[in-house]
Amino acid sequence: MSFKALIVDKDEDGKTHAAVRDITLDDLPEAEVTVAVEYSTVNYKDGLCIGPGGGLVRNYPHVPGIDLAGTVEASSDDRYKPGDKVVLTGWRVGEAHWGGYSQKARVKADWLVPLPEGLTTRQAMAVGTAGFTAMLAVMALEDHGLQPGKGPVLVTGASGGVGSVATAILAHLGYQVAGVTGRPEAADYLKSLGASQIVAREEINETVKRPLESETWAACVDAVGGAMLARVLGQMKYGGSVAAVGLAGGAGLPTTVIPFLLRGVNLLGIDSVMQPYDNRVRAWQRIARDLPLDKLEAMIEPATLADLPRLGGAILKGQVRGRVVVDVNA
């Protein structure tokens, strides 16, 4: 029987084209577990894979979608059986391996995590890689001493996917959250997630000559990088930590070692793609416990497979707020 998938193909001129097509199980790559996909989501990487040139994709035709959640349909691995609810993020699925923009997916058992109790597959994809990364960042900051009462926590790119979830989690845990955004109209949205302070992007997005400024932030979840990250490092409180999760503002880092040497600042790199299984389970359990689901619902923009070509372009332009949840069966 055939089913629907978003297929990205490349023509002889090197241009990519994305369209919903019918495929069969025989078209899927070989792996141990077949999942009846229920929901996926849209991340920056997905935009790169859908968009002109194909970005991260090397082989065509291709099914993007770096996240998926659904029900196991068949498995040759004893860890999973038909009927099990599962989540997949990372492992270069949707880039090097066909991903979640399909009503069925075939993936390695090692890439899956059981759906945590208390979350639906729809909620899991409202979290997705962005929310999973946000939780990893919060865990890393806590592991390096962050506690409520130590001062405000800055979240850059706060209205994006990672920033939205990080803001909601941190506020729920009792932190004073300052959200950075370049969109004034996003202020009410961020306050609804729990942000107590809104910082305009232009206030913090330029390099200054002074390597240190007033100690302001106890910690930071940074999705921007570049000049903004450099500026934030000089504003950290003594012993504070920055969890770096993205590079929307550039991969360069125009700073000095002074914040690290004189204030003991920690710069923590957060990778969600190759995280070990045990840490994935820990993060998803924390998400189920510490992410207020009413706040999560407020972040959701529903979508279908047919919407993905448009949304892939929009997320690359910074025009997607919160979390897109793709119902692949709609």
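The values are calculated or read from the model by the stated rules, or taken from the named source; none is laboratory data. The model shown is predicted, which means the values in this text are computed figures rather than measured ones. Neighbour counts are summed over all protein chains in view; Cβ atoms, including those assigned to glycine, are modelled from backbone coordinates with ideal geometry. Side chains included, ligands, DNA and RNA excluded: accessible areas come from the protein's heavy atoms. Shrake-Rupley method; radii C 1.70, N 1.55, O 1.52, S 1.80 Å.
Values as computed for the structure displayed
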| read-out | value |
| --- | --- |
| Residue list for segment 188-204, filter: over 24 Å from Tyr238 (Cβ atoms) and open to solvent by 20 Å² or more (accessible area, probe 1.4 Å) | Asp188, Lys191, Ser192, Gly194, Ile198, Ala200, Arg201, Glu202 |
| Residues of segment 179-206 satisfying the condition of being β-branched (Val, Ile, Thr) and under 21 Å from the mean Cα position of the chain (by Cα) | Val180, Thr181 |
| One residue from Gly225, Gly318, Gly269 being under 21 Å from Ala166 (Cβ atoms), surrounded by fewer than 20 Cβ atoms within 10 Å (Cβ to Cβ) and either without any contact (Cβ under 8 Å) to a residue 60 or more places away in the chain or basic (Lys, Arg) (or both) | Gly269 |
| Subset of segment 302-312 [within 20 Å of His62 (Cβ to Cβ) and surrounded by fewer than 16 Cβ atoms within 10 Å (Cβ to Cβ)] | Thr304, Ala306, Arg310 |
| Residue tally, condition open to solvent by less than 10 Å² (accessible area, probe 1.4 Å), under 20 Å from Met125 (Cα atoms) and either of a type in the set (Lys, Arg) or touching a helix residue (DSSP H, G or I) at 6+ places or on another chain (Cβ under 6 Å) (or both), over segment 155-176 | 8 |
| Residue within segment 237-247 that is out of contact with any strand residue (DSSP E or B) (no Cβ under 6 Å at 6 or more places or on another chain) and buried (at least 18 other Cβ atoms within 10 Å of the Cβ) present | yes |
| Subset of segment 91-116 that is open to solvent by 10 Å² or more (accessible area, probe 1.4 Å) and within 16 Å of Asp278 (Cα to Cα) - its residue that is nearest to the chain's Cα centre (by Cα) | Trp91 |
| Close pairs from segment 272-300: first more than 12 Å from Pro116 (Cβ to Cβ) and at pLDDT 95 or above, partner polar (S, T, N, Q) and in a helix (DSSP H, G or I), Cβ under 6 Å, at least 6 apart | Ser272/Thr129; Ser272/Thr133 |
| Answer from Leu212, Leu253 - the residue that is farther than 22 Å from Gly151 by Cβ and surrounded by 13 or more Cβ atoms within 10 Å (Cβ to Cβ) | Leu253 |
| Candidates Gln235, Gln176 - the one that is at pLDDT 95 or above, touching a Phe, Trp or Tyr at 6+ places or on another chain (Cβ under 9 Å) and among the polar types (S, T, N, Q) | Gln235 |
| Selection status of Gln319, under 28 Å from Leu112 (Cα atoms) and polar (S, T, N, Q) | no |
| So Leu193, is it in contact with a Ser or Thr (Cβ under 6 Å, 6 or more places away or on another chain) and among the hydrophobic types (A, V, I, L, M, F, W, C) | yes |
